[in-house]
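Presented below is the structure to which this report refers.
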């Protein structure tokens, strides 16, 4: 009888595991001209200039599926690139403090890329608990402060972590006008565990090679079903401390396909380089409870 029960349990477990979601592996043949071109384009974009220091004020606008604005969450943020001159060596640190509405005031987020590893540290701070919680593993796919963005959406995607394939060249509509020619690129994270943790099987992006601006991105889940659509709504241009042109996102919309809801991240004010006015040692969990701006 025990043998029969054990066999039934084993079969049930095998059936469950067989039905469990798994991140599908796409084939990226390094000898495929489309794969080579995809890596060449994204490698060049990885080396485009960036701004070393940025202070910004922003709004996170959250909408329901009828396009009604539910919440506007205002925040201040600082972003710093260590070794900003090198595409391969640069590491990003960022910190965000929410100031409005009252229920979110004091909440915060931080990302810290280490200079001796490809891993990042990501934290969320909730005022009610007075604790910084590190975001690891499957929690990367949790929503970002109630929006359609995920925790994984606010970290930087690093070029060496992905495989790429060039799918062609297209123009899209941008605020009623055609974009310049955009490279259409398919990408997939090389690490199967990251794909599972983020529920991200692959992405297709429409990117402008000369500026690095992503005008549209489609994110697919681990079953390669369309999950999120990101659309650039506004961008700006400035110069970094070396006098190089840098293009920056001004507003970004993200839509969750199965729910029909969407959220928008909108920059309302930005200060660059020496005018950013923050020290580069603020990127610690202690800063969640201090006024660093």
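Yes or no: residue 151 within 19 Å of residue 58 (Cα to Cα) and in contact with a helix residue (DSSP H, G or I) (Cβ under 6 Å, 6 or more places away or on another chain)?
Yes.
When segment 180-193 is examined, which residues are found to be part of a strand (DSSP E or B) and in contact (Cβ under 8 Å) with a residue 40 or more places away in the chain?
Answer for segment 180-193, where residues must be part of a strand (DSSP E or B) and in contact (Cβ under 8 Å) with a residue 40 or more places away in the chain: 183, 185, 186, 187, 188.
Kindly indicate whether any position in segment 260-267 is under 19 Å from residue 46 (Cβ atoms), in contact (Cβ under 8 Å) with a residue 12 or more places away in the chain, under 13 Å from the mean Cα position of the chain (by Cα) and outside any loop (DSSP other than H, G, I, E, B).
Checking segment 260-267: not a single residue is under 19 Å from residue 46 (Cβ atoms), in contact (Cβ under 8 Å) with a residue 12 or more places away in the chain, under 13 Å from the mean Cα position of the chain (by Cα) and outside any loop (DSSP other than H, G, I, E, B).
Which of the following residues is in a loop (DSSP other than H, G, I, E, B), under 28 Å from residue 263 (Cβ atoms), at pLDDT 95 or above and in contact with a strand residue (DSSP E or B) (Cβ under 7 Å, 6 or more places away or on another chain): 50, 54?
None of the others qualify; the one that does is 50.
Would you check if residue 271 is surrounded by fewer than 18 Cβ atoms within 10 Å (Cβ to Cβ), more than 24 Å from residue 75 (Cα to Cα) and at pLDDT 95 or above?
no
Any chance you could count how many residues in segment 210-245 are out of contact with any strand residue (DSSP E or B) (no Cβ under 8 Å at 6 or more places or on another chain) and on the phi > 0 side of the Ramachandran plot?
1
Specify the residue that is surrounded by the most Cβ atoms within 10 Å (Cβ to Cβ); the eligible residues are those in segment 199-238 that are part of a loop (DSSP other than H, G, I, E, B) and under 14 Å from the mean Cα position of the chain (by Cα).
200
Results for (1) under 30 Å from residue 30 (Cα atoms); (2) surrounded by 18 or more Cβ atoms within 10 Å (Cβ to Cβ); (3) free of Cβ contacts under 8 Å to residues at least 24 places away in the same chain, shown as yes or no for each residue.
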residue: 84; (1), (2), (3): yes, yes, no
residue: 127; (1), (2), (3): no, no, yes
residue: 131; (1), (2), (3): no, no, yes
residue: 175; (1), (2), (3): no, no, no
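Restricted to segment 132-179, and to residues that are farther than 25 Å from residue 287 by Cα and part of a helix (DSSP H, G or I), which residue is modelled with the lowest pLDDT?
Taking the candidates together, the pick is 138.
Does segment 274-291 include one or more residues that are assigned to a strand (DSSP E or B) and either touching a helix residue (DSSP H, G or I) at 6+ places or on another chain (Cβ under 8 Å) or touching a residue at least 12 places away in the same chain (Cβ under 8 Å) (or both)?
There is no residue in segment 274-291 that is assigned to a strand (DSSP E or B) and either touching a helix residue (DSSP H, G or I) at 6+ places or on another chain (Cβ under 8 Å) or touching a residue at least 12 places away in the same chain (Cβ under 8 Å) (or both).
Yes or no: residue 281 touching a strand residue (DSSP E or B) at 6+ places or on another chain (Cβ under 6 Å) and farther than 30 Å from residue 69 by Cα?
no
Please work out which one of (1) farther than 30 Å from residue 35 by Cβ; (2) under 13 Å from the mean Cα position of the chain (by Cα); (3) surrounded by 18 or more Cβ atoms within 10 Å (Cβ to Cβ) is the condition residue 108 fails and give its number.
(2)
The values are calculated or read from the model by the stated rules, or taken from the named source; none is laboratory data. Keep in mind that this is a model prediction, so the values were computed, not measured. We place every Cβ from the backbone using ideal geometry, glycine too, and count neighbours over all the protein chains shown.
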